[in-house]
Amino acid sequence: MGFFSRNKTFKIRDIEFYSEGNYHYSKGLQSSITKEIKIAKNNLSLEQLQPILQYLVEFIQDEKPDIKSGEKTTCFSWCILFHEEPDAFEILEVIPEQGGFGEGLSRTLHLLHQQLSVCNQLKVEPDFPDFDHIVAIDPLIQKGLQPNLFRWKAEDPDSGWVVMSNSFNEETMSFEEMTVGQLMTMRPEIAQFMALPAGFKVISQGNNVHIAFDKHLTEN
């Protein structure tokens, strides 16, 4: 894991991270992806960004991706992008209300903390879905009805998540498909539950939710 030293550098594996001006920079990734990476601070320290830096180092060193400008990937369950600049790849994150990507990783980190908090309270290991994984959704959810969430055992690219309201009628209605990212953007209040593993259900009860494990959801 990383450590924070006196000169404000942070090291993960053999990769060093340091701060300069308005950005955090890597030192040592150029041999893997031809350039270093940089991340806008947005008032976040290297120490606060540690889980994301850990993810990036492991992703680059272990999966050996052929990174090109505009390359997108899922970081935990949010979407990030490698934007090529002359001196580095800047890591951006999707900002749906702006219709694209923006500097910093504030939203990615905030969502990670939310999802880890839910999983930690239940003492379960998180299972982060990809941003582009598929969700089956009751069309009434798009009209604002309260959602109930069920995560079935599934294979990529299916996230396993089914989202439905109490008004859904299986005889007269059909599920629609959208991505995990689209769902979290449309209904941000349920994004915190997306890392719950297969077998969990989240039932809306007025202003509260009830979370429980249902073994039937893990059976094919």
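The values are calculated or read from the model by the stated rules, or taken from the named source; none is laboratory data. Keep in mind that what you see is a predicted model, and the values were worked out from it rather than measured. Glycine gets a Cβ as well: all are built from the backbone with ideal geometry, and neighbour counts include every protein chain shown. What goes into the accessible areas is simple: the full protein's heavy atoms, side chains included, and nothing from ligands, DNA or RNA. Shrake-Rupley method; radii C 1.70, N 1.55, O 1.52, S 1.80 Å.
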So, relative contact order of the chain in percent, Cα under 8 Å, 6 or more apart, is 14 percent
Taking only C-alpha positions in the range 163-220, Rg and Dmax in angstrom work out to 12.7, 32
Quick calc, the chain, dipole around Cα centre from Cβ unit charges on Lys, Arg (+) and Asp, Glu (-), nearest 20 debye, gives 800 debye
Rounded to a whole number, the Stokes-Einstein D of the range 1-100 in µm²/s (Kirkwood radius over Cα pairs; 4 °C; 1.567 mPa s) is 94 µm²/s
Compactness summary of the range 70-137: radius of gyration and Dmax from Cα atoms, Å, are 13.8, 45
For Phe101, the accessible surface traced by a 1.4 Å probe with all protein chains present amounts, in square angstrom to the nearest 10, to 70 Å²
Contour minus Cα-Cα span, Lys123 to Glu155, at 0.36 nm per residue, comes to 9.2 nm
Phi-derived 3J(HN,Hα) across the range 192-209 with the Karplus relation (6.51, -1.76, 1.60, θ = phi - 60°), rounded Hz, x for Gly and Pro, is 5, 9, 5, 8, 4, x, 4, x, 9, 10, 10, 10, 6, 9, x, 8, 10, 10
As a Kirkwood estimate from alpha-carbon pairs, the range 93-170 has a hydrodynamic radius in angstrom of 14.7 Å
Quick numbers on the chain, Rg and Dmax over C-alpha atoms in Å, give 19.1, 65
